[in-house]
Amino acid sequence: MHPAPAPPHRRARVLAAAAAGLLVAGLASPALAAGHPMEPAPDGSGDCSPGLVAGTTAPMYGHIEKAHLERSPGQQAGDAQKTDDYVEVHTVWIEAVTAPARNGADHIAGETPKPFFGHLEHAHLQRSPGQQVSDVRDSDDYVLVHTVWAESLLQPTIDVIDGRPCQFRARAAATNVAIEQRAFNPNPVAVHVGDTVTWRNTSDDDHNVRGGPVDSPVLHPGDSFSFTFTRAGTIDYVCDLHPTMQARIAVS
């Protein structure tokens, strides 16, 4: 025996309750019903999103404007009665509102380990115990290098909050520096935050690149080393093996 259908007034109360719940959850939806289409949540494959706060709050204000302030109470009641559309729209809205946090988490998880393992390899695994002891004794340089390294670890999280990955991806570029017999060429070099510089040893001798956050292993003839700059500033670097080889990078 099938239960009797709910009376119309009860169905109306159920729909009203469902609409109220979805309204609370959907305060950030940029649209409701067919007359207010909603764009799908960004997947991170196209243009990057703004900062976490701006990316999350923008659809909230969009929903209030389009789905409430520009629609009469009668129109909103009609929207709520179209339950399938209403639920689908708010499902898309949830994806849109949570996209900055989800994409941000992916960015942090993907970028934070890079400076950690890069420093571990270049400053420890590829340097002898004696070289590391010498590094520690040079306390000023040691503190500077590790301060910049700590900032590099935090930078992906800062980028997600203030939206700087958008700026990085929009203008990131690659610059090549040749390590010649006793010179870096070109010198000086001007780059932007987010750009990557690659040094290639084109000489017949071994060289390295050291200065500020840049700390390469010994580069044999034909070897290369790349570093992505995440902070603005002027960096003077040298080849430790040939101290007269000095150069400068300006990061803006």
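The values are calculated or read from the model by the stated rules, or taken from the named source; none is laboratory data. What you see is a predicted model, and the numbers here were worked out from it, not measured in a lab. Glycine also receives a Cβ, built like all others from the backbone with ideal geometry; neighbour counts cover every protein chain displayed.
Can you find even one residue in the stretch 189-202 that is more than 17 Å from Tyr237 (Cα to Cα), under 27 Å from the mean Cα position of the chain (by Cα), free of Cβ contacts under 8 Å to residues at least 40 places away in the same chain and in the same structural domain as Asp240 (by TED's automatic domain parsing)?
Within the stretch 189-202, one or more residues are more than 17 Å from Tyr237 (Cα to Cα), under 27 Å from the mean Cα position of the chain (by Cα), free of Cβ contacts under 8 Å to residues at least 40 places away in the same chain and in the same structural domain as Asp240 (by TED's automatic domain parsing).
Please state which one of Arg210, Arg248 is of a type in the set (Lys, Arg), in contact with a strand residue (DSSP E or B) (Cβ under 7 Å, 6 or more places away or on another chain) and either exposed (fewer than 15 other Cβ atoms within 10 Å of the Cβ) or not assigned by TED's automatic domain parsing to the domain that holds Asp195 (or both).
Working: Arg210 fails: either exposed (fewer than 15 other Cβ atoms within 10 Å of the Cβ) or not assigned by TED's automatic domain parsing to the domain that holds Asp195 (or both).
Going through Arg210, Arg248 in turn, the sole match is Arg248.
Considering only the stretch 189-230, how many residues are closer than 18 Å to Tyr142 by Cα and of a type in the set (Lys, Arg)?
The first filter runs over the stretch 189-230 and keeps only residues closer than 18 Å to Tyr142 by Cα, leaving 208-217.
Narrowing the set further to residues that are of a type in the set (Lys, Arg) leaves 210.
So the answer is 1.
Within the stretch 222-239, identify whether any single residue is modelled with pLDDT of 90 or more, within 22 Å of Pro115 (Cβ to Cβ), exposed (fewer than 14 other Cβ atoms within 10 Å of the Cβ) and acidic (Asp, Glu), and answer yes or no.
Looking for residues that are modelled with pLDDT of 90 or more, within 22 Å of Pro115 (Cβ to Cβ), exposed (fewer than 14 other Cβ atoms within 10 Å of the Cβ) and acidic (Asp, Glu), one finds at least one in the stretch 222-239, hence yes.
Just a yes or no: is a residue in the stretch 177-185 aliphatic (A, V, I, L, M), surrounded by 14 or more Cβ atoms within 10 Å (Cβ to Cβ) and in a loop (DSSP other than H, G, I, E, B)?
yes
So in the stretch 74-125, with the set limited to residues that are of a type in the set (Ser, Thr, Tyr) and closer than 30 Å to Thr228 by Cβ, which one is nearest to the chain's Cα centre (by Cα)? I'd like the intermediate steps shown before the answer.
Keep residues of the stretch 74-125 that are of a type in the set (Ser, Thr, Tyr), which gives 83, 86, 91, 98, 112.
When the remaining residues are screened for being closer than 30 Å to Thr228 by Cβ, the result is 98, 112.
Details: Thr98: 15, Thr112: 10 Å.
Here the residue is Thr112.
Could you list, ordered by first residue, the pairs with Cβ atoms under 9 Å in which the first is in the stretch 212-233 and closer than 12 Å to Val197 by Cβ and of a type outside the set (S, T, N, Q) and the second is part of a loop (DSSP other than H, G, I, E, B) and at pLDDT 90 or above, at least 6 apart or interchain?
Filtered contacts from the stretch 212-233: Phe225/Asn208; Phe225/Val209; Phe225/Ser216; Phe225/Pro217; Phe227/Val209; Phe227/Ser216.
Within the stretch 77-108, count every residue that is polar (S, T, N, Q) and over 30 Å from Thr157 (Cβ atoms). Talk me through it step by step, then tell me what you get.
Pass one, the stretch 77-108, residues polar (S, T, N, Q): 81, 83, 91, 98, 103.
Restricting the remaining residues to those that are over 30 Å from Thr157 (Cβ atoms) gives 81, 83.
Final tally of qualifying residues: 2.
From the list Val160, Val133, which residue is in a helix (DSSP H, G or I), aliphatic (A, V, I, L, M), in the same structural domain as Pro217 (by TED's automatic domain parsing) and free of Cβ contacts under 8 Å to residues at least 40 places away in the same chain?
Values: Val160 fails: free of Cβ contacts under 8 Å to residues at least 40 places away in the same chain.
One residue alone meets the criteria, Val133.
Tally up the residues in the stretch 59-73 that are modelled with pLDDT under 75 and within 28 Å of the chain's Cα centre (by Cα), please.
The qualifying residues number 2.
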